[in-house]
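For reference, the structure is listed below as structure tokens.
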Amino acid sequence: MRSSTLPDRSSDVPPSAVPPAARGTSPRVHHLDALRGGALLLGVLLHALMPYMPGSLWLVSDTSDSWGAVAAVGVIHLFRMMLFMMLAGYLGHLVIHRRGAKAYLRDRLLRVGLPIVTLGPVLFAMMIAAIVANTMVGAMPMPEQGPEQAAAGSFGPLAVPTMHLWFLLLLLEIVVVVVVARAILRRVLGADRSARLAGRIGDVLASPWGLPLIAAPYALGLLAQPGNVTGLTEPYTLQPVAGASIGYGAAFLTGWFLRARDGGMARVEARWAIHLGLAVVLSPLALTSPMFAPPLLGAAFTALAGWAWVLGLTGLCARLVRREIGWIRYLADASYWVYLMHFPLLLVVAVPLSLVELPIVVELALGLAVTLGLLLLSYDLCVRSTWIGAWLNGHRRPRALRPGNLRRRRTVTPGAGLSP
């Protein structure tokens, strides 16, 4: 498959291998878009696994516990949000250089900031209604208070709970800081010198020894929070959390600088097998380090394992997704809506399942099937071809069930849909 906007380019070359100047106005980098959707959908899986954690710290506690769930949640938590923030930085650099800083900020405010303001209260009310309803019928277990509930129960002007939308608020904060810092540097150093500096940083990060440098801020963020070096503590209220700001802000900048250097991401992607091998070896050490290692070593294991997963999966996906694949494209488009709306629905589904004696795999499959089935149906019927789809994803697309209902005319904004 050959793109008319990218002459002389083989389909065997991943889009991230093409220099920024040569990418024209092509709106898609398919493997990164697929990864972005996968990171969001992994969040649904992570929340579906939480009831099976021994000594559950979540809103629902199942009668059955599984150490397999502990391992799965631990591994997903190592890399999922780092991957998302890295992609947001890479694709943010793409958009800002095609459309300018004002257009980029306007897009982020519309597609990231506005959902927090408009959907946040609705989702919070839905979650409270689900808890009340389940409590009234005697179906709501009373788990120990976890960090999310403790944060939501705090007081003060910044104690507004952000639930699972915390990453949108943090992303918006990071975007504003990066855009302002970029403007200052361009004013002080000039546009050309600033671009060369960003390219040199990208060169270093893309080098064979870039993994420890990329992982260092993640480790620093872990050490900046008390008592936990197996994962960053999310800011579940409007109160910023130092560890999350350091770790995820650096992840955003990693993606930003890798795109600032021609072929930087492609150089990293070429070492995908090495990175995945390191991820498999380091993950058990990261998850068990609190039992045998001092905090500094535990933080190093966690950061290296997390970033090895990020870089390894990015390279693997570049090999597997070389062009647009219909069902992957559809799920990537739907993933933002699914993640935004999944939490209350998953809670309603998980509570009755927690009271029945079924194998955990069967319960998990049923819960995910019902939740994802209903959300994908609502996406296709109410979002994909409507103004909501244009708002959240930057475009309207034909529905899968009745595609003829959508007028074929549509506008695709360069970079739209690549990151919420």
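The values are calculated or read from the model by the stated rules, or taken from the named source; none is laboratory data. Not measured: the values here are computed from a predicted model. Methodologically, a virtual Cβ is constructed for each residue, glycine included, from the backbone with ideal geometry; neighbour enumeration extends over all protein chains shown. For the accessible areas, the whole protein counts, side chains as well, though only heavy atoms, and no ligand, DNA or RNA atoms are used. Shrake-Rupley method; radii C 1.70, N 1.55, O 1.52, S 1.80 Å.
Couple of notes before you dig in:
- Applying the Karplus relation 6.51 cos²θ - 1.76 cosθ + 1.60 with θ = phi - 60° to the stretch 75-81 yields 3J(HN,Hα) values of 5, 4, 5, 4, 10, 4, 6 Hz, where x marks Gly and Pro.
- Rel. contact order, % - alpha carbon contacts under 8 angstrom, at least six apart, the stretch 169-321: 26
- Going by accessible surface with a 1.4 Å probe and the largest first, Glu173, Glu363 read Glu173, Glu363.
- In Å², nearest 10: area of Arg397 left accessible to a 1.4 Å probe: 30
- Estimated inter-spin distance, Ala293 and Ala181, nm [label 7 Å along Cα→Cβ]: 2.7
- Per-residue HN-Hα couplings for the stretch 85-93 [Karplus 6.51, -1.76, 1.60; θ = phi - 60°; Hz; x = Gly/Pro]: 5, 4, 5, 4, x, 4, 6, x, 4
- Probe 1.4 Å - accessible area at Tyr52, Å² to nearest ten: 10
- Computed from the Cβ-Cβ distance with R0 of 56 Å, the FRET efficiency linking Val281 to Leu374 stands at 0.90.
- Förster radius 25 Å - calculated FRET efficiency between Trp209 and Leu119 (Cβ-Cβ, nearest 0.05): 0.05
- Modelled spin-label separation between Leu109 and Cys382, with each label point placed 7 Å from Cα along the Cα-to-Cβ direction: 2.8 nm.
- The stretch 337-394, accessible area per residue, ligands and nucleic acids excluded (1.4 Å, Å²): 39
- 5 angstrom amide H check on Ser385, placed H, neighbours 5+ away: Arg397
- Remark: the stretch 71-115 carries a charge dipole of roughly 240 debye about the Cα centre, counting +1 on each Lys and Arg Cβ and -1 on each Asp and Glu Cβ.
- Long-range HN-HN contacts of Thr237 with modeled amide H, under 5 Å: Thr162
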